[in-house]
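K.L.:
I'd like to ask you about the structure that follows.
The values are calculated or read from the model by the stated rules, or taken from the named source; none is laboratory data. Keep in mind it's a predicted model, so treat the numbers as computed, not measured. No Cβ is skipped: glycine too gets one built from the backbone with ideal geometry, and neighbour counts run over all protein chains shown. Surface accessibility is based on the protein's heavy atoms, side chains included, excluding ligands, DNA and RNA. Shrake-Rupley method; radii C 1.70, N 1.55, O 1.52, S 1.80 Å.
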Amino acid sequence: MSLMNRCLSFSALTSVSLTSFAAAQFSSIDGTTQVDDPVLPLLQHQFVSTQFGDNDDPDPFNSNGSELCGVYASVSDGLLYVFIPGNLETNYNKFELFLDFDASAGQNVLRIDNPDVDFNGLNAMGGSVISGAPGLRFDDGFTADFYITVGMGVDGKGLNPAIYANAAQILTDGGGVGIFLGSSIDNPNGFGGILSDTGIEVAVDNSNVAGVSGGTEAAPPDAADGVTTGIEMLIPLSQIAPGYVPGSGMRLCAMVNNSSHTFTSNQILGSLEAPSDNLGETRLVDFRAMPGCQFVAFDGDDTTYDCGCDDCNGGGGDPPATNVVMDGLADGSYGSPLAVQDTQTGFGDASLGLPDLCDGSELDALYGFIDDDRLNLLIAGNLESNYNKLHVFLDYASGGQNKLRGDNPGTNFNGLNVMGDDGSGNGLQFDADFAPDLWFSVDCGGDTTIGMNASLAQILTDGGGVGTFLGNAVVDGGVIQSLNGIEVALNNSNTVGVDGGSDLSDGSGVETGLEVSIPLQLLDGFVSGEDIKVSAFITSSGYDFMSNQVLGGLGGSENLAQPNLVDFSLIEGEQFVRIGEGGGPVCVGDLDGDLIIGGADLTILLGSWGSNSAVADLDGDGIVTGADLTILLGFWGQSCE
């Protein structure tokens with residue numbers, strides 16, 4: 001704790017004892033109301049039955065359900081006391097408490113740059129342009145200033161489940177300080193409680209088997225009556241709100257979320273109205289769209305709040321629609337490939353011919369174009385269904401990182417930073433004229449059904465930034481449709497293109513693979529009319545081994561091995577591709593992308609005869625015939641350079 005005390009302060013962190021803060025007013029904080037506790041106001045009963053499990057185990061430690069039966073709160077002698085009768089399931093469900101003690105500051109909509117506490121749980125509820133999620137939005141009249149989260153589960157350190165608690169400031173412009181308050185294993189206080197160095201005390205008693213029942217319907221009208229155990233907190237206001245004037249008004253919002261802070265139950269205080277299902281993805285919740293106020297006011301706040309609105313949906317507007325069919329196929333809008341692979345694959349030559357299950361990874365060609373609203377890419381080839389990663393780096397603005405740093409967003413198991421500087425000055429080095437601003441990654445795998453997963457992260461010049469999980473879908477016929485408008489499709493049916501090994505090869509003629517469409521509004525700093533540079537390659541599932549499948553190609557090569565030791569600037573040629581506006585290249589007849597219309601293009605066309613090949617169908621009538629041959633021969637021998 002000494003390091004934390006040096007670098008963070010809610011006001012002035014001091015080591016305190018239970019007696020110094022609490023004995024004058026309250027009995028021990030143990031998750032149980034007692035006869036010598038002061039008379040506290042019941043601010044609200046719960047109105048809705050719980051969909052997070054109705055506990056039926058009277059054991060004070062364990063619970064098989066979560067419910068918030070009501071809320072008591074009071075401010076006295078510089079202390080905020082909160083008691084929530086109910087239960088917190090011992091599966092690390094999270095009890096989330098938001099406090100608003102300054103109406104002129106705080107966040108009505110949660111941002112994504114708040115302190116990283118409990119595995120970045122607070123920011124998991126926030127919104128950003130990159131993720132496309134608007135962020136958890138409170139009712140008008142509530143701007144959160146402080147946050148406490150509590151989870152409970154079996155960690156192997158003791159016979160009973162342990163409590164873990166974290167706290168953070170919520171500043172208007174983001175940033176601020178967060179802290180791990182402690183666990184009941186490390187710092188027991190009475191019955192299964194926590195007394196942190198800040199003086200904040202937390203305790204949970206899970207004995208309750210009354211209160212609300214399970215379901216979505218109305219709870220009993222007196223759900224909190226007779227429930228004397230639950231979640232109890234004592235908070236010294238000097239630690240979180242040193243300028244707070246007693247009696248000037250305070251507000252709180254409490255809820256139960258899943259263990260990752262990403263899914264919200266129907267257990268909210270102030271309560272929802274019955275009937276109510278679970279609210280779903282937390283960063284999409286908009287309390288304004290729900291009847292009543294999802295917060296309670298106390299300590300002198302007698303304002304009548306006008307909560308809710310008829311047209312609130314929490315959304316940020318629909319992203320532009322794609323102009324291509326998302327199916328993992330290079331249709332006619334792509335034109336000819338912009339780059340063709342010149343190196344055999346060291347990651348297995350795919351041979352199954354199935355749309356999903358795949359036994360090798362190869363990048364045969366890159367197609368792409370920029371239309372009015374989107375960057376559209378088709379990376380022809382295969383992605384082995386063993387969770388190998390296909391990485392796409394985009395350079396479209398000034399800045400970025402020519403050499404990957406080690407402090408980029410930790411999206412998808414910190415993959416970007418695994419390829420970055422580990423502190424020794426290394427890090428994946430790109431060509432001199434390439435400094436990516438955005439990273440996209442996709443993988444696929446599964447036992448019975450093959451699914452794909454995609455992630456996205458900013459690459460800022462000075463590190464930091466925002467990353468997000470885009471979503472998942474089945475590979476065969478599925479499309480990932482992210483909240484931010486990115487769409488992803490994968491077709492693994494290719495069995496041609498490059499073969500296995502490390503020598504020269506030719507990826508011409510492959511038209512299926514990974515397709516991704518990215519709204520230009522996500523590319524901050526992109527100037528219309530400018531090219532977007534793309535570098536793509538495949539690594540192992542753990543990001544720690546790079547294949548020889550890179551676009552632009554390597555000219556024959558073994559696998560490149562450890563990514564943070566790779567330097568593309570030392571490899572001949574450019575390991576990136578330029579993409580311009582308006583569709584594929586204007587080089588009619590250049591089917592293999594070598595910028596010359598010749599015998600290789602004729603071979604591709606004749607091999608596609610009678611098919612609907614988007615590459616060889618030069619007149620766009622849906623079938624490769626003599627008309628397409630006539631067009632190709634009309635450009636015979638011409639150079640596109």
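K.L.:
Calculate what fraction, in whole %, of the accessible area of the chain sits on carbon and sulfur atoms when a 1.4 Å probe is rolled over the protein chains. Before the final figure, lay out each step's value.
P.N.:
Numbers: 11950 of 23860 Å².
That share works out to 50 percent.
K.L.:
Let me ask another. Output ³J(HN,Hα) for segment 490-498: one whole-Hz value per residue in order, computed from phi by the Karplus curve 6.51 cos²θ - 1.76 cosθ + 1.60 with θ = phi - 60°, and x for Gly and Pro.
P.N.:
Karplus values, whole Hz, x for Gly and Pro: 9, 10, 9, 6, 4, 10, 10, x, 6.
K.L.:
I want the local charge near ASP628. Using Cβ-Cβ distances under 13 Å, sum +1 for each Lys or Arg and -1 for each Asp or Glu among the other residues.
P.N.:
With Lys, Arg at +1 and Asp, Glu at -1, the neighbours total -4.
K.L.:
Go through segment 87-186 and name the chymotrypsin sites (Phe, Trp or Tyr not before Pro) that are in a DSSP coil and have 14 or fewer other Cβ atoms within 10 Å of their Cβ.
P.N.:
Details: sites: TYR92, PHE95, PHE98, PHE101, PHE119, PHE138, PHE142, PHE146, TYR147, TYR164, PHE180; in loops: PHE101, PHE119, PHE138, PHE142.
Sites meeting the loop and neighbour criteria: PHE119.
K.L.:
Additional query: Determine the percent antiparallel among the DSSP beta bridges restricted to the chain, to the nearest 5.
P.N.:
95 percent
K.L.:
Can you compute the helix-only [θ] at 222 nm over the chain? Use -39500 (n - 2.57) per DSSP H run of at least 4 residues, normalise by all residues, nearest 500 deg cm²/dmol.
P.N.:
Per the formula, -1500 deg cm²/dmol.
K.L.:
For the chain, calculate the relative contact order in percent as a whole number, restricting contacts to Cα pairs under 8 Å that are 6 or more residues apart.
P.N.:
Reported as a whole number, the value is 13 percent.
K.L.:
Another one. Ranked highest first by the average count of other Cβ atoms within 10 Å around their residues, in what order do 621-628, 412-419, 546-553 fall?
P.N.:
Highest mean packing first, the order is 546-553, 412-419, 621-628.
K.L.:
Give the accessible surface of the chain per residue, rounded to a whole number of Å², with probe radius 1.4 Å and ligands, DNA and RNA excluded.
P.N.:
37 Å²
K.L.:
In what sequence, highest mean first, do 387-396, 51-60, 242-251 appear when ranked by Cβ atoms within 10 angstrom?
P.N.:
Descending mean neighbour count gives 387-396, 51-60, 242-251.
K.L.:
Ordered by packing density, taken as the mean number of other Cβ atoms within 10 Å over each peptide's residues, highest first, how do 358-365, 219-226 rank?
P.N.:
Details: 358-365: 27.4, 219-226: 17.2.
Result, highest mean Cβ count within 10 Å first: 358-365, 219-226.
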